[in-house]
Every structure is written in C-alpha cells, then in structure tokens.
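Read through the structure below, which is laid out as structure tokens, and then see the notes.
The values are calculated or read from the model by the stated rules, or taken from the named source; none is laboratory data. Every value quoted in this text rests on a predicted model; they were computed, and no experiment measured them. Because the Cβ atoms are built from the backbone with ideal geometry, glycine has one as well, and the counts that use them run over all protein chains shown. Remember, those area values only see protein heavy atoms, side chains included, never the ligands or the DNA or RNA. Shrake-Rupley method; radii C 1.70, N 1.55, O 1.52, S 1.80 Å.
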Amino acid sequence: MTPRLPSSEGPVIASGPLSSPPTPLSDFAVELVSRLPGTWRSEYHRHTTYSDQFPAAERLWDSGHVDWTVSEYVLGHHAVLSGPAGEELYLIERPRHRGQFLVAALEPAGFQPHHFRGVPEPNGIVVSADAVRAAAAVSRRLLPRYTRAVEAVRAQARVRPDPPAHRQAPAETAKAVTLTRYGDGALGTPYASVPAEARDALYLSGFQYVPDQGAFLLPPGYGPVATAVRIQVLAARLAQTNVGLNLRHAPTGRHAAASAPPAPAPRAYHAPTGPAVPSAASGSPQAAHRSR
C-alpha cells in the first residue's frame, strides 16, 4: 500500500502547549481523557517528517489493526494519553475512515525484552468520534486488557530480572552423516561415507540400504511430514553416538550425474524396527542383511 497522509484535515495538533490551532485529533484527545476514570492528560505530537512517528510506534503494544496501520501509513500526528497509574495509550486518526480513531496501549518503560515474552499484546480498538462512547469502550475493553498485560510483565520481571544467557554453539563433531536430496527426489547418503557407528541409527530411522546404488535411501512413500519426523529421530540417535547430521541438495549441472546414485532402484534391504543390528556397525550391509 502506498503511504499517504491520513484524512483531508492534514497534519494537526492536540492538548498541552500548542504552537498552532487545535485539530480534530487534539480536540478529541482532550475530550477523551476528561471522560476516562481517574486523572488523565493528553500530549499531542505533530510529525514534521516521516521518522517522527517511529519513537512512539516502536513502543506500540499491539499485533493487530493498529500495528498494521502504523506500518502502512505515513501519519501526520498522534497523541499520547497518560493515566494516573502510569498507563500510556496511543491515539491516531483511522486512515480512510473519517470520524473514527484508533486507540492502543504503549509498552510500559523500565522493562527488558524478555519480560514481554509470552505476554499477549493488549491489542488496540477502533472508537468513534463520540468521546462518551469512546471512553466507555476504552474503559471496558482496552484498559482491562492493558492492566492484565502489565501485571504479567511485572510478574515476569520479578521472576526473571536478568536476560537469559545467550545460547552457545555445540562442540564440533569429528564425524557426521550428510543426507542429500537428489534430483529424483530420493533422500539418502552414500554407504561408504557413513561412519560405522551411525549405520544402526539409519536402519532404525527407516533408511534402507540399496546395493545397486551403494547408498542408504529413505523410501519416498513416507511423505514430507513423516520424512521430517524421521530426520529428527535420526538426528537424536546420531547425537547419542556423537555423530553430527548435515542436510544438503545434490549439486546441479555437469556434476549432478557424478553425485547422484545410479538410477535403477531394485529391491531394498533394511533392518527391522527392533533393537539395533549388531553387525551393521562393523560389517558390510550385505552381511548385516544375511544376519537377519
């Protein structure tokens, strides 16, 4: 959507010290705070440049319509409504809807990002230009959500005052299995590249040894969801033997033929989904098959 200035009145002003005549937004802000419970005040902000709307917008505590509006439109002005307990509400005209306004909460100051994690945003609301009805809607719908959200943030700050430690990268593994998605859709790895201690994990995760192609392959009939689950299971099993897992696509172009297993795929040999095959880790796949 192409950004534009909201409403035909153009950029305007609100309560507090005014350097230019009042505007519909400033007048409405003054009327609205006079009808909210407790002692509220309004502060008007005119935007002389597009970037003037960023400081308040970055504190917007909303994941719905108000957040979308602020990200899609160039706003000529906004007002901040401050309540008796430190509440802060963000007020703008609703673009392309004359006679309507958007009211949303601003994130309370003094908290760290991890204090907000998991706390639902107290999404803003649309109100009409009737200040009495707008104040009733804010008091009944927005302020209770806002109060609950602030209490949840404060509770998290008490429990987790410090940010969590950064996640560390795991130690490098000396051995790894590299699964390749080949051009024909097959997912597998050449037998010769698999560490001996990783062969049982491949068998037990559903991979089959195909002698004519010299590779462990996952049958294509599993589908994408079952395939993803088997890859996760394989990764967990390999981790128990300190073997890593890599995923990649087969190269394309003149190197593709050399990297892909031979085309015909006759009957496959695989281990049953029971205990690990003793000989798979030490002998050839054919020997493992004969032992079963």
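Legend: calculated FRET efficiency, Thr49 to Arg96, from the Cβ-Cβ distance at R0 = 22 Å, rounded to 0.05, equals 0.50.
Arg145 sits with roughly 80 Å² accessible to a 1.4 Å probe, with DNA, RNA and ligands left out of the calculation.
Which FRET efficiency value, to the nearest 0.05, is calculated for Ser71 and Asp212 with the Förster distance at 41 angstrom and r the Cβ-Cβ distance?
Details: r = 56 Å, r/R0 = 1.37.
Given R0 = 41 Å and the Cβ-Cβ separation, E is 0.15.
Could you please state, rounded to a whole Å, how far the C-alpha centre of segment 85-99 is from the C-alpha centre of segment 186-215? Here the two parts' Cα centres lie 61 Å apart. Packing order of peptides 110-121, 60-71, highest average first: 60-71, 110-121 (average count of other Cβ atoms within 10 Å over each peptide's residues).
Would you please put 156-166, 224-234 in order of how densely packed they are, using the mean number of other Cβ atoms within 10 angstrom per residue and starting with the highest?
On the way: 156-166: 9.9, 224-234: 13.8.
The densest-packed peptide leads the list: 224-234, 156-166.
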